[in-house]
Amino acid sequence: MARRAAGEKAAAQGRRRGRLTAAAGSATLFAMRAKFDTLGERSGPLLRPLRRALDLVLPPRCLGCGLLVEDQGALCSTCWSAMTFLADPLCRSCGLPFAYDPADSPTSGSGGDSFVQDLACGACLAQPPPFERARAVMRYDDGSRPLLLGFKHGDRTEAAPTFAGWLARAGRELLAEAEIVAPVPLHWRRLFARRYNQSALLASALARHCGARDIPDLLQRRRATPSQGRLNRAERHRNVAGAFAVHPRRATELEGRRLLLVDDVMTTGATVSACSRAALKAGAAAVDVLVLARVLND
Ligand SMILES: [Zn+2]
Ligand SMILES: [Zn+2]
């Protein structure tokens, strides 16, 4: 009896080990895939057969639902149409989209556009954020959630080049002036558990788009902060106040330079505000913020 139980236990361990090995194997293949996707056409004719072989082993799947798609890093048409991309007119400061139809406005036309670009939302007028401009690619909602969760927790790291392309488009004015790109950091314990910082992957892929310097360890989390999930706006700000600092070895590189801070999701802006304050305190000339998705209240 005892021998049978031990046998079953060993078999279960073996299965678990097998699953872990398989997971590690596919993670390596995904990493190779991502490398090829980053290289793009530059991978050259010599590496093309290897790329094709990878396509056979890991066929391209929709970043949202996992359905087979034509190209690596693409979305199926259902997931694509479920997305809400944010576009002008936006608050010049925090990037909040205005519920406004230019066709209905007496200020529409070329003069109207510049008028609209100069508007700030009520919250930014009442209390200007520490960062200069924040922009987001899309709205955080039922359409974008699977994509973001897959990237953050589901090892769908091959999405980074696609997301970087979207970020580069949504933040082109920010990228044009950025000198340093850095991610919102994870606490080391969370980084250890998750194995990668999704924001650091975005920042590195984005730095390749704009030629700014990528400094993944620019900011550090000085203390682990409880999850912000259930907190309201004021609690979120208190929760992360003073939680970030510029790495002492990186301070001279940041001094007098313009920082582009990258994160995956912005909820109330508490985290990116705390990071911006830390960067400004260490001597950054200005901070801009670029995120994939932003939570918007109706
Ligand atoms: Zn899909
Ligand atoms: Zn605003």
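Nothing in this text is a laboratory measurement; each read-out follows from the coordinates by a stated rule. Computed from a predicted model, the values in this text were never measured in an experiment. Note: ideal-geometry Cβ built from the backbone for every residue, glycine included; neighbour counts use all protein chains shown.
Laid out as a table, the results:
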| item | result |
| --- | --- |
| Asp142-Arg208 FRET efficiency (beta carbon distance; Förster radius 35 Å; 0.05 resolution) | 0.65 |
| Derived scalar couplings ³J(HN,Hα) [the stretch 274-286; Karplus, 6.51 cos²θ - 1.76 cosθ + 1.60; whole Hz; x for Gly, Pro] | 5, 5, 4, 4, 5, 5, 5, 4, 7, x, 4, 5, 6 |
| Alpha-carbon centroids, the stretch 139-216 and the stretch 232-298: separation in whole Å | 14 |
| Integer Hz, Karplus 6.51/-1.76/1.60 couplings in order for the stretch 240-250, x for Gly and Pro | 9, 4, x, 7, 10, 8, 6, 4, x, 6, 9 |
| Rough spin-label spacing in nm, given labels placed 7 Å along Cα→Cβ, for Leu67 and Gln127 | 4.3 |
| Summed residue charge, Cβ within 12 Å of Ala282's Cβ, Lys/Arg positive, Asp/Glu negative | +3 |
| Residue-wise HN-Hα coupling along the stretch 212-225, computed from phi with Karplus coefficients 6.51, -1.76, 1.60 (Hz; x: Gly, Pro) | 6, 7, 8, 10, x, 9, 4, 9, 10, 8, 6, 9, 6, 9 |
| Beta bridge orientation in the stretch 85-294: antiparallel %, DSSP, nearest 5 | 20 |
| Net charge of Cβ neighbours under 13 Å - reference Ala203; Lys, Arg +1; Asp, Glu -1 | -3 |
| Net +/- balance of residues flanking Met138 in space, Cβ distance below 14 Å, scoring K and R +1, D and E -1 | +1 |
